[in-house]
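Take a look at the structure set out below.
Just so it is clear, none of the values below were taken in a lab; they were calculated from the coordinates. Note that the structure is predicted; figures quoted are calculated from it, not measured. Virtual Cβ from ideal backbone geometry, glycine too; neighbours counted across all protein chains shown.
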């Protein structure tokens, strides 16, 4: 069996890898398809340095995003409690329910921080009171705040 050769992908290739990844492929596949079509480049010491530099830049970017998310978590948890006013019926039951969109709007009004509503995890809120809400700010950072539902 022939030896595999390293290539740097220029475009995403199904079942092989994403753009910018180093892959090992059969020489014929590289020589006859990937290189002539401009889908991949042969690996040289200069290309390896570029790949390492890009990986380091990506790692720094991800680290900066995580630090920013940690700062946002601290500011949200410092405030701690947000209030949402809803119409109330009998036995302190609210009309409708509190939605993630309403929570995101209240946070935006109070803190001027945009929060992705898809990252908000709400309990089933059907009465007045206090409820814990989790807000996912980053894959590794989750803030927990309290929502107070009050009558309008």
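Angle of helix 45-79 to the longest C-alpha principal axis of the chain, folded into 0 to 90 degrees and rounded to 10: 0°. Only DSSP H runs of four or more residues enter the estimate; each adds -39500 (n - 2.57), and after division by the residues of the chain the mean residue ellipticity at 222 nm equals -11000 deg cm²/dmol. For the range 49-130, the relative contact order works out to 24 percent when only alpha carbon pairs closer than 8 Å and six or more residues apart are counted. In the range 5-60, the alpha-carbon atoms span a convex hull of 74 Å³ per residue. Computed over the alpha-carbon atoms, the range 78-126 gives an Rg to Rh ratio of 1.00, Rh here being the Kirkwood radius from the mean inverse distance. Spatially, the range 52-71 and the range 75-112 are offset by 32 Å when compared through their Cα centroids. In percent, rounded to a whole number, the relative contact order of the chain is 19, using alpha-carbon pairs under 8 Å and six or more apart. Global size of the range 19-111: 26.1, 76 Å for Rg and Dmax (C-alpha atoms, Rg to one decimal, Dmax whole).
Counting every other Cβ atom within 10 Å of each residue's Cβ, 48, 16 order from fewest to most as 48, 16.
The calculated P(r) of the range 66-151, using every Cα pair and 5 Å bins from 0, goes 3, 15, 27, 25, 15, 8, 5, 2, 0, 0 in percent.
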